[in-house]
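The values are calculated or read from the model by the stated rules, or taken from the named source; none is laboratory data. Predicted, not measured: the structure shown is a model, and the values here were computed from it. Virtual Cβ from ideal backbone geometry, glycine too; neighbours counted across all protein chains shown.
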Amino acid sequence: MSTRTGRSTPVMEQRGVHRPTPPPAWKPRTDPAPLLPDPEPYRVLGTSAVAEADSALLLKLYGELVRGRRYNAQATALTKQGRLAVYPSTTGQEAAEVAAALVLEDRDWLFPSYRDTLAAVARGLDPVQALGLLRGDWHTGYDPYEHRIAPLSTPLATQLPHAVGLAHAARLKGDDVVALAMVGDGGTSEGDFHEALNFAAVWKAPVVFLVQNNGFAISVPLAKQTAAPSLAHKAVGYGMPGRLVDGNDAAAVHEVLSEAVRRARAGQGPTLVEAVTYRMDAHTNADDATRYRSDAEVEAWRAHDPIALMERELTGRGLLDEERIQAVRDDAEEFAAALRAGMNADPVLDPMDLFTHVYAEQTSQLRDQAEQLRAELAAEQEQER
C-alpha cells in the first residue's frame, strides 16, 4: 500500500500500531557468567567455610534436624495406625525444611507444598494442625494469617504465583515482608513455576524460590524432566540469580537462603535456590519406591545424611558429646509423644463445615445444598431416636 506521495506505508503504521524507538547501544556484561550458579553445590560443613559458622546456630540447626527426623518417623507411623490418610515424608530432606523456616522473620510468609509440613512445624505451627490436611479433617488446619504460613499446596507449584502476588503487594504497600516459596523438582515442570519466576523478576518482588531437588517427581527421575545443567540455571532466563547448594548441609542451606532473603528485603528482587537432596522414603506411604530406584542408590545417600553431617562437625568442634546428643533425642521423643497424643484424640467434625469459608457470601447453590444436607442430618437424628 502507498500514500499519495508514493511512499510505502509499513503495515504497523497503517494499523496505528506504535513503533518503539531504537534501543540504546548494547553494553555487554563484564561478568563472564552473569546470574549463573556455582558449578558445584555450595557446602559449608567439612570445608574451610565452616570456620565462619556460628556455633549457636549450628546447635540450633542440629536440634531441629533431630526433631524433624523424629517427626517424619512419627507421622509415617500414624499412617499405619489409620490416624493419617497419607504422609509425604521429608526424611533425608530435613536440612532444607528446617533452614527454610529459620531464615524467616515473624513478619515474613512461608508458602509450602504438601510435602513441607516439617517446615511449617519448624516455623512454630502445632504439628496436629499442620497434619490436618493429610488427616482429612480440614483443607487447612490452621489460620494462615496468624502463622504467616500459606495453606499447604497439593497441586504442584500453584503456591508460587500466590507467593509472588503477596510479595509484590507487600512491596507496593511499603511492608518489609519477604515470601519464601517451596517447591519440588517435579514442580519446576509446571507452568506455574515459570510464570511465577517471570512475574517475580520483572517486578523485583521480594520472594525467594526454594527448589528441593530430591531426585524424583514421584517415580520420574530428574533426567527425564529437564536437560538443564541444574535447576538453578533456570533462573538466568528470567533475570534473577540462581544458587546451587548442598541440600543436606543445613549450615550451607541456611547461609544461602539468608543471603537470598536479605537481598529480597533490600529491594534487589528474587532468587532461585536449588537444594540438592534426596528423598530417603517413598513418595508417600502409598508408593513403592523399589519399582523405580535401587537399594544401593538409597544407601549411597545415607552416607550423606544431614544429621550425621552436623553431628560430625559439632563433635569435632567439641560442642557435642553423648550426653548432649541424648538430651536432644529425648526432646525429640517428647515432641513425638505430644504429637501422638494430639492425633489420637478424635476430632469433632461438623458436616456443615463443608459450606464454611468457601465464599465470603454464600452462593444460592451453596445455600440450597446446605439446606438439603441440614434436612438429611435432621432426618437421620430423628431415625436414631
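List of remarks:
- Hits in region 320-351 (condition: hydrophobic (A, V, I, L, M, F, W, C), at pLDDT 95 or above and not in a helix (DSSP H, G or I)): Leu320
- Number of the condition not met by Ala251 [criteria: (1) part of a helix (DSSP H, G or I); (2) modelled with pLDDT under 95]: (2)
- Failed condition for Gly186, given (1) in contact with a strand residue (DSSP E or B) (Cβ under 6 Å, 6 or more places away or on another chain); (2) touching a residue at least 40 places away in the same chain (Cβ under 8 Å): (2)
Here's the yes/no breakdown for (1) modelled with pLDDT of 95 or more; (2) buried (at least 24 other Cβ atoms within 10 Å of the Cβ); (3) within 19 Å of the chain's Cα centre (by Cα); (4) within 26 Å of Gly187 (Cα to Cα):
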site	(1), (2), (3), (4)
Thr76	yes, no, no, yes
Thr91	yes, no, yes, yes
Ala96	yes, yes, yes, yes
Ala99	yes, yes, yes, yes
Leu102	yes, no, yes, yes
Asp106	yes, no, yes, no
Thr117	yes, yes, yes, yes
Val121	yes, yes, yes, yes
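- Number of the exception - Val211 against (1) touching a helix residue (DSSP H, G or I) at 6+ places or on another chain (Cβ under 7 Å); (2) assigned to a helix (DSSP H, G or I): (2)
- Within region 48-90, the only residue that satisfies the criterion of being outside any helix (DSSP H, G or I) and either acidic (Asp, Glu) or not assigned by TED's automatic domain parsing to the domain that holds Glu333 (or both) is Asp54.
- Residue selection: Leu180 fails the criterion of being buried (at least 17 other Cβ atoms within 10 Å of the Cβ) and touching a Gly at 6+ places or on another chain (Cβ under 6 Å).
- Within region 255-307, the set of residues being without any contact (Cβ under 8 Å) to a residue 60 or more places away in the chain, farther than 21 Å from Arg69 by Cα and assigned to a loop (DSSP other than H, G, I, E, B) comprises Ala266, Ser294.
- Filter result for Ala205 (part of a loop (DSSP other than H, G, I, E, B), at pLDDT 95 or above and within 12 Å of the chain's Cα centre (by Cα)): no
- Note on region 91-183: enclosed helices (runs of 4 or more DSSP H) holding 3 or more residues that are without any contact (Cβ under 8 Å) to a residue 60 or more places away in the chain are 117-122, 132-135, 144-147, 159-173.
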